[in-house]
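First comes the structure, then the notes that go with it.
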């Protein structure tokens, strides 16, 4: 079985070889998705496994309309959110102060690698990381985030704004560190 549709049909029939192929095909990408939301590698691995169990249990519902990868990704994101909600029953905005946005157009002459930026995103407080990843990386709307996570629309927007401010402050702090290291 090399064709994705054949692999999916094999999974729908419960064939272990098809499930193995599907897992091998999508696990690396979906692990990256889980890792973006999780606090560490172990939690991401647990979410990946739980997510694939859900994929295999509900693969009969996939109607071959739209992207299969998108369908799997949505299951993985929902799995991570479910794990997060079990640990943090309420996603509330905390007292993280809003930062002044006076110099929003200020240009910086220090560059960051993609890995450095992803590391900063990973350091976001969990409430902010969840909304930031869903909105910026996965492309969810605030309404979808609110519905999926059980928070209000305003909380989703506020958490995104606070995530962006947190990242901006972190970037500014690291720019200072990089400039000081050069001097």
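The values are calculated or read from the model by the stated rules, or taken from the named source; none is laboratory data. Small disclaimer: the values here were computed from a predicted structure and weren't measured. Quick reminder, even Gly has a Cβ in these numbers, built from the backbone with ideal geometry, and neighbours come from all protein chains shown.
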_Number of the exception - residue 129 against (1) farther than 17 Å from residue 36 by Cβ; (2) surrounded by 20 or more Cβ atoms within 10 Å (Cβ to Cβ)_ = (1)
*asked:* Suppose we filter 167, 160, 124, 91 for residues that are surrounded by 11 or more Cβ atoms within 10 Å (Cβ to Cβ) and modelled with pLDDT under 85; which single one remains?
replied: 91
_Whether any residue in region 47-57 is within 20 Å of residue 121 (Cβ to Cβ) and touching a residue at least 40 places away in the same chain (Cβ under 8 Å) is what I want to check._
no
*Scan region 151-171 and report the pairs whose first residue is free of Cβ contacts under 8 Å to residues at least 24 places away in the same chain and whose second residue is buried (at least 16 other Cβ atoms within 10 Å of the Cβ), with Cβ atoms within less than 7 Å and a gap of 6+ or a chain change.*
152/146; 153/142; 153/146; 157/142
*Could we say that residue 157 is touching a helix residue (DSSP H, G or I) at 6+ places or on another chain (Cβ under 6 Å) and within 19 Å of residue 121 (Cα to Cα) here?*
yes
*Tell me, please, whether a residue that is surrounded by fewer than 17 Cβ atoms within 10 Å (Cβ to Cβ), at pLDDT 90 or above and more than 20 Å from residue 138 (Cα to Cα) can be found in region 28-35.*
no
